[in-house]
Amino acid sequence: MVYSDKHRKINATTDNVTIQATLRQLEQPICLFGEGPAERRKRLQNLISSLSDDEIAKILHKNEEDDEKVEDTK
């Protein structure tokens, strides 16, 4: 498999909880059937490398706004 320069520069944490939280923020399933922590980390890297910086920022910003709305209703 050939990786792009962008893919090589992506640093993904090895902390499984953080990886799952990031996948959730990117509106992806946190775990696929039969997927282990190493595969989940690789899936996150592939996902991030396939998105543009603007797309990632837009999704993360949308999720922050949603979190603020939930906190306001409490």
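The values are calculated or read from the model by the stated rules, or taken from the named source; none is laboratory data. The shown structure was predicted, so the numbers you read here are calculated from the model rather than taken from an experiment. Please note: Cβ atoms are built from the backbone with ideal geometry, for glycine as well, and neighbour counts cover all protein chains shown.
Among residues of the range 11-35 that are on the phi > 0 side of the Ramachandran plot, those with a Cβ under 7 angstrom from a residue that is of a type in the set (Val, Ile, Thr), sequence gap 6+ or separate chain, pair up as Glu27/Ile59. Reported count of residues in the range 38-56, each being in a helix (DSSP H, G or I) and more than 22 Å from Thr14 (Cα to Cα), is 2. Only one entry of Ile19, Ile59 meets the criterion of being assigned to a helix (DSSP H, G or I), at pLDDT 85 or above and among the β-branched types (Val, Ile, Thr), and that entry is Ile19.
Confirm whether Lys69 is part of a helix (DSSP H, G or I) and either loosely packed, with under 12 Cβ neighbours inside 10 Å or modelled with pLDDT under 85 (or both). So Lys69 fits the description; yes. Just need a number here: residues in the range 19-42 that are closer than 17 Å to Ile59 by Cα and of a type outside the set (A, V, I, L, M). Final tally of qualifying residues: 7.
Restricting the range 29-49 to residues that are polar (S, T, N, Q) and in contact with a helix residue (DSSP H, G or I) (Cβ under 7 Å, 6 or more places away or on another chain) leaves a set whose member that is surrounded by the most Cβ atoms within 10 Å (Cβ to Cβ) is Gln45.
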